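Since the structure comes first, as structure tokens, the remarks are kept for the end.
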Protein chains: 2
Amino acid sequence: MSIEHLHPVPHLVTALNGPLQQLERHFLARQSDIEAWFRQQWQQTPAPFYASVDLRNAGFKLAPVDTNLFPAGFNNLSQELLPLCIQAVQSALERHCPEARQILLIPENHTRNQYYLESLATLQDIIQKAGFLVRIGSLAEELREPQNFSLPSGRQLLLEPLRRKNDRLYVREFSPCLVLLNNDLSAGRPAILEGLQQMLLPPLALGWSNRLKSDHFSLYQEVTQVFAGLIDIDPWLITPLFLRCGEINFMKRAGEECLASNIDSLLQSIQRKYDEYGLDQKPFVVVKADAGTYGMGVMTVHSAAEIQSLNRKQRSRMATSKGGLETSQVLLQEGVYTFETWGDNQAVTDPVVYMIDHFIVGGFYRVHTRRGANENLNAPGMHFEPLAFAQPCTTPEHHMAPDAHPNRFYAYGVIGRLALLAAARELLANDR
Amino acid sequence: MSIEHLHPVPHLVTALNGPLQQLERHFLARQSDIEAWFRQQWQQTPAPFYASVDLRNAGFKLAPVDTNLFPAGFNNLSQELLPLCIQAVQSALERHCPEARQILLIPENHTRNQYYLESLATLQDIIQKAGFLVRIGSLAEELREPQNFSLPSGRQLLLEPLRRKNDRLYVREFSPCLVLLNNDLSAGRPAILEGLQQMLLPPLALGWSNRLKSDHFSLYQEVTQVFAGLIDIDPWLITPLFLRCGEINFMKRAGEECLASNIDSLLQSIQRKYDEYGLDQKPFVVVKADAGTYGMGVMTVHSAAEIQSLNRKQRSRMATSKGGLETSQVLLQEGVYTFETWGDNQAVTDPVVYMIDHFIVGGFYRVHTRRGANENLNAPGMHFEPLAFAQPCTTPEHHMAPDAHPNRFYAYGVIGRLALLAAARELLANDR
């Protein structure tokens with residue numbers, strides 16, 4: 001990491017942070033109501049096993065833009081906050097599978113991505129410290145023998161080939177009652193994981209092969225409608241507007257009219273809200289594959305015309321996302337500016353919050369030096385510097401200013417949990 | 001605090017730490033079995049709301065000597081570990097009383113003890129950060145109006161007089177469904193707390209007016225018998241031997257023969273174990289009131305003769321304990337040497353571990369510069385320097401030496417939880 005960690009909280013560079021301080025002030029004033037409401041929600045709709053939520057902080061608005069139910073990046077969390085992860089894993093597994101002693105962890109197939117392997121090693125370490133034996137069973141076809149990886153951190157990571165006998169998964173003779181997925185199934189639901197006798201967490205239905213971002217954000221909208229009523233704020237301050245378009249083929253230019261008219265309509269809706277709050281920023285829209293992750297197939301547009309003038313290369317980039325899924329449904333999401341910057345070069349930063357069960361366990365900032373405030377920070381080929389949250393998100397300080405660091409982190413934790421609640425509702429809908 | 005916190009883990013000064021490293025080695029090697037066993041135990045016998053356990057680390061032996069179910073000293077925990085407390089309170093209250101939004105906290109009556117008030121302020125802060133409104137209702141008769149205390153830490157603490165209307169407790173109009181006791185009831189069960197409609201945690205039956213140390217250590221012995229079998233160690237390595245004597249009156253010298261013969265018998269049992277392990281320390285016995293706390297009525301003896309030659313002042317000290325209870329039953333407990341020392345002056349230190357629900361949330365060392373290794377560190381008029389654990393007790397590191405700090409802290413956490421399990425069995429016995 002090249003960035004010095006001396007002042008580990010980015011500076012929020014905006015004169016327009018009035019409404020956000022309003023938001024933080026509301027969160028503080030209504031903290032016990034908010035927490036009581038969350039407790040009630042988790043009783044009704046239990047949280048998924050884990051999640052990370054990408055936030056954007058525009059000063060005047062704080063909202064999630066992506067919710068990952070198979071999070072990586074555990075290696076980016078502060079070492080000091082790992083005990084929170086350990087304790088949360090203990091709580092989660094007591095609830096899901098109290099008799100479990102051993103866990104089979106199924107990772108992504110990126111065996112050449114050192115960052116991912118570091119995250120995997122941290123996740124394994126957390127679950128082992130929580131008191132479970134953990135072995136890693138890989139779906140990667142090229143892995144035919146157990147393979148030991150030496151990581152940059154100095155740790156060793158053993159990946160073993162996953163195999164199935166009848167309706168149980170194994171690595172060698174190891175076949176525990178609980179299988180934990182850390183693979184988002186962008187490439188589809190592998191047959192080897194279907195119809196298992198073992199408990200699989202999170203369930204296959206939460207993989208990207210089933211899940212649509214637009215479903216998530218519809219549920220998020222329902223969640224924030226109620227929550228905003230509870231604490232008496234405009235839900236738009238915490239909710240990105242969106243529209244969706246079906247049956248888009250970027251290469252064949254099919255569905256382009258729908259795309260163009262929906263972009264226009266969405267830009268107008270954003271402009272109306274900006275006018276209402278007297279904001280002179282230029283509205284923008286982020287175009288994403290409705291299924292998929294890793295920021296592939298993501299584009300920022302300021303007008304419908306931009307979508308019609310894409311060149312072949314840009315179309316091709318939008319046409320496929322991670323794992324080769326062809327983009328056919330598209331999410332048009334209100335672009336939320338990032339006004340948090342870091343360091344002398346004013347690098348743009350986005351917070352990512354992590355949850356295990358319904359507990360906020362930490363987070364980090366993605367710090368990017370070469371991007372503007374309205375660009376996606378999780379784009380292909382993107383390199384970010386992780387900047388671990390120096391403090392937990394659970395220690396609001398009523399005697400400090402609403403935008404003091406512990407209170408800003410608390411606000412992140414509230415918004416992260418609202419997105420988690422939307423995911424919990426996806427989970428419940430899939431259980432039915 | 002006058003002690004520098006540069007090397008926050010005491011040095012274990014003993015050449016006799018072989019068996020303890022054996023113990024730590026066993027704990028590490030069998031960690032997933034140990035944790036699975038604890039999970040099963042908490043399912044069968046849920047943990048009390050909170051506890052602190054005083055440990056003694058003799059190098060060759062690591063054992064609890066006191067278990068407090070209404071802990072103070074929260075202000076001595078490391079600030080960095082408070083998020084663990086917050087998360088554990090959330091877990092605990094979701095289990096006990098998921099609908100609770102507000103909590104009435106009933107403290108000890110020592111309104112002049114700044115240390116206690118600091119602990120109370122920290123406890124209130126933890127529960128508030130966990131998402132509850134907390135007000136403090138005092139039993140102290142001298143408190144007739146709400147009184148605000150300015151604490152050395154700069155914090156403010158508001159104590160309000162507790163009142164009862166029908167079968168509910170109030171401070172002013174505030175009467176939440178959950179009442180949390182932080183008063184160990186040494187002075188008996190106050191009528192105002194009997195037969196409440198509100199949930200009272202922990203229940204009155206766990207107060208010192210009902211509880212006997214000897215019952216606790218009997219249950220502890222049962223727990224360690226099974227646990228030692230599980231990981232294949234001699235239970236004595238983690239269990240203090242003890243005997244009890246009933247109907248003792250120190251002033252009237254009643255019951256002295258029982259005391260003398262039991263002390264002799266216990267010293268002989270200890271000597272046999274010392275011989276078995278080739279230890280040349282001199283056995284000693286700690287004489288304590290069987291009901292009571294705060295180290296009053298505690299005495300260290302190396303022979304039965306010492307008990308017969310007590311002077312009047314010593315007898316008077318043994319005759320009453322905190323809250324004025326007359327000592328009538330006595331616990332004779334194997335004295336466990338303290339071989340952990342701190343700093344250039346080799347100050348003797350004892351670890352105290354803290355648990356909320358069944359989660360280890362931290363601890364501190366009592367550092368005492370003017371006492372020997374075989375003296376009680378929690379004695380009347382005693383002043384200790386608290387030295388917060390720098391690390392949590394939940395991060396055992398298999399690649400480090402068995403006595404490396406994270407592994408020593410893990411061992412403390414294991415023993416602390418064994419004592420907690422004994423307390424959970426007391427709780428269950430009282431529920432029946």
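The values are calculated or read from the model by the stated rules, or taken from the named source; none is laboratory data. Quick caveat: nothing in here was measured; it's all calculated off a predicted structure. Cβ: placed from backbone, ideal geometry, glycine included. Neighbour counts: every protein chain shown. What goes into the accessible areas is simple: the full protein's heavy atoms, side chains included, and nothing from ligands, DNA or RNA. Shrake-Rupley method; radii C 1.70, N 1.55, O 1.52, S 1.80 Å.
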Would you point out the residue of the stretch A:1-52, among those that are assigned to a strand (DSSP E or B) and of a type in the set (A, V, I, L, M, F, W, C), that is modelled with the lowest pLDDT? A:12
Given the structure, is residue B:21 in contact (Cβ under 8 Å) with a residue 40 or more places away in the chain, away from chain A (no Cβ under 12 Å), over 30 Å from residue A:37 (Cα atoms) and more than 22 Å from the chain's Cα centre (by Cα)? yes
Suppose the filter is touching a strand residue (DSSP E or B) at 6+ places or on another chain (Cβ under 9 Å), open to solvent by 10 Å² or more (accessible area, probe 1.4 Å) and farther than 25 Å from residue A:422 by Cβ; does residue A:172 pass it? yes
Of A:151, A:143, A:157, which residue is surrounded by 15 or more Cβ atoms within 10 Å (Cβ to Cβ), over 19 Å from residue A:201 (Cα atoms) and modelled with pLDDT under 95? A:143
Every listed condition ((1) open to solvent by 20 Å² or more (accessible area, probe 1.4 Å); (2) over 23 Å from residue B:211 (Cα atoms); (3) modelled with pLDDT of 80 or more) holds for residue B:343 save (3)
Within the stretch A:139-161, track down each residue that is within 14 Å of chain B (Cβ to nearest Cβ) and within 25 Å of the chain's Cα centre (by Cα). A:151, A:153, A:157
Of the residues in the stretch B:88-138 that are open to solvent by 40 Å² or more (accessible area, probe 1.4 Å) and part of a loop (DSSP other than H, G, I, E, B), the one that is farthest from the other protein chains (Cβ to nearest Cβ) is B:109
Determine which single condition residue A:195 fails, assuming it passes every other condition in (1) assigned to a loop (DSSP other than H, G, I, E, B); (2) touching a residue at least 60 places away in the same chain (Cβ under 8 Å). (2)
Taking the conditions exactly as written (more than 14 Å from chain B (Cβ to nearest Cβ) and touching a strand residue (DSSP E or B) at 6+ places or on another chain (Cβ under 9 Å)), does residue A:411 satisfy them or not? yes
Can you tell me how many residues within the stretch B:74-84 are more than 14 Å from chain A (Cβ to nearest Cβ) and either open to solvent by 10 Å² or more (accessible area, probe 1.4 Å) or among the hydroxyl-bearing types (Ser, Thr, Tyr) (or both)? 2
Please work out if residue A:67 is more than 14 Å from chain B (Cβ to nearest Cβ), touching a residue at least 12 places away in the same chain (Cβ under 8 Å), farther than 25 Å from residue A:415 by Cβ and touching a strand residue (DSSP E or B) at 6+ places or on another chain (Cβ under 7 Å). no
For the stretch B:43-60, check the following and say yes or no: at least one residue is in contact with a helix residue (DSSP H, G or I) (Cβ under 8 Å, 6 or more places away or on another chain), open to solvent by less than 10 Å² (accessible area, probe 1.4 Å), closer than 19 Å to residue B:180 by Cβ and within 13 Å of another protein chain (Cβ to nearest Cβ). yes
Test for residue A:65: is it open to solvent by 10 Å² or more (accessible area, probe 1.4 Å) and among the β-branched types (Val, Ile, Thr): yes
Subset of the stretch A:243-261 (residues that are open to solvent by 30 Å² or more (accessible area, probe 1.4 Å) and either at negative phi or not basic (Lys, Arg) (or both)): A:243, A:244, A:246, A:247, A:249, A:251, A:252, A:254, A:257, A:258, A:261
Is one or more of the residues making up the stretch A:228-240 open to solvent by 10 Å² or more (accessible area, probe 1.4 Å) and free of Cβ contacts under 8 Å to residues at least 12 places away in the same chain? yes
So, in the stretch A:324-363, of the ones that are in contact with a Phe, Trp or Tyr (Cβ under 6 Å, 6 or more places away or on another chain) and part of a loop (DSSP other than H, G, I, E, B), which residue ends up farthest from residue A:75 (Cα to Cα)? A:335
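Can residue B:39 be described as surrounded by fewer than 23 Cβ atoms within 10 Å (Cβ to Cβ), more than 14 Å from every other protein chain (Cβ to nearest Cβ), without any contact (Cβ under 8 Å) to a residue 24 or more places away in the chain and more than 20 Å from the chain's Cα centre (by Cα)?
Numbers: surrounded by fewer than 23 Cβ atoms within 10 Å (Cβ to Cβ): yes; more than 14 Å from every other protein chain (Cβ to nearest Cβ): no; without any contact (Cβ under 8 Å) to a residue 24 or more places away in the chain: yes; more than 20 Å from the chain's Cα centre (by Cα): yes.
The answer is no for residue B:39.
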